[in-house]
Amino acid sequence: MSCPICARDSDPKYRPFCSRRCADVDLGKWLTGSYAVPAEAIDDENPETTPTSPPRPQ
């Protein structure tokens, strides 16, 4: 398995990374918000315009 940061072979001690440096780089990306899942913003102030779920069958 290769390191997701630099593509070198991973070290079992830092798996899936090759070194502590690459593990720290990855942590930094998580903490600064570089990794994010795109999503639509929901307008909480106008509940009548928020999408509703379909009724559940009984």
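Residues in the range 1-18 that are assigned to a loop (DSSP other than H, G, I, E, B) and in contact with a Lys or Arg (Cβ under 7 Å, 6 or more places away or on another chain) were compared, and the one that is surrounded by the most Cβ atoms within 10 Å (Cβ to Cβ) is C18.
Among the residues making up the range 8-31, those that are of a type in the set (G, A, S) and over 20 Å from the mean Cα position of the chain (by Cα) are S10, S19.
Since every read-out is calculated from the coordinates, none of them should be taken as a lab result. From a predicted model like this one, the values you see are computed outputs, not experimental measurements. All Cβ positions, glycine included, derive from the backbone under ideal geometry; neighbour counts span all protein chains shown.
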